[in-house]
Amino acid sequence: MLIAFDSTQQALRAEMLLEYADIEIDIRPTPKEITAGCALSIEFPGADLVQVQEIIESENVEIRGIYFKKEDGYGTIVEK
């Protein structure tokens, strides 16, 4: 799963919050198939989706969307 952001500040904030919650994440460049205002995205295991969504909502993290990898690009789970 992948979270895309509109700002680097929100990406770094989400990184801190998710690491604090002991969710295994990787910071990576936003794929070209996903239009976002920020070049950074956070990749995380699909098993953590519910917990990630709860953290994003409770902490008011501004995201572009949450996406999943499919054969021909990315599908959308949540889009803001």
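Hey, what's the chain come to in accessible area per residue, 1.4 Å probe, Å²? Write out the running numbers ahead of the final one.
Numbers: 4890 Å² over 80 residues.
Per residue, the chain has an accessible area of 61 Å².
Positive contributions from Lys and Arg (+1) and negative ones from Asp and Glu (-1), summed over other residues with Cβ under 11 Å from the Cβ of Lys69, come out at -3. Here the Karplus relation 6.51 cos²θ - 1.76 cosθ + 1.60, evaluated at θ = phi - 60°, turns the backbone of segment 27-32 into coupling constants of 8, 8, x, 5, x, 5 Hz, with x for every Gly and Pro. Label-to-label distance for Ile34 and Thr8 is 1.8 nm, based on points extended 7 Å past Cα in the beta-carbon direction. Take every Cα-Cα distance within the chain, group them into 10 Å bins from 0 onward, and report for each bin the whole-number percent of pairs it holds. With a bin width of 10 Å, the distribution comes to 19, 61, 19, 1.
May I ask you to give the percent of accessible area on the chain that is carbon plus sulfur, with a probe radius of 1.4 Å? The computed percentage sits at 46. Over the chain, Cα pairs under 8 Å with separation of 6+ residues give a relative contact order of 38 percent.
Between Ala21 and Glu71, full extension at 0.36 nm per residue minus the direct alpha carbon distance yields a gain of 15.0 nm. 3J(HN,Hα) along segment 7-19, derived from phi through the Karplus expression 6.51 cos²θ - 1.76 cosθ + 1.60 where θ = phi - 60°, amounts to 9, 5, 4, 5, 5, 5, 5, 4, 4, 4, 5, 6, 5 Hz, with x in place of Gly and Pro.
The values are calculated or read from the model by the stated rules, or taken from the named source; none is laboratory data. Remember, predicted model here, so these are calculated numbers, not experimental data. FYI the Cβ positions are ideal-geometry reconstructions off the backbone, even for glycines, and counts take in every protein chain you see. Remember, those area values only see protein heavy atoms, side chains included, never the ligands or the DNA or RNA. Shrake-Rupley method; radii C 1.70, N 1.55, O 1.52, S 1.80 Å.
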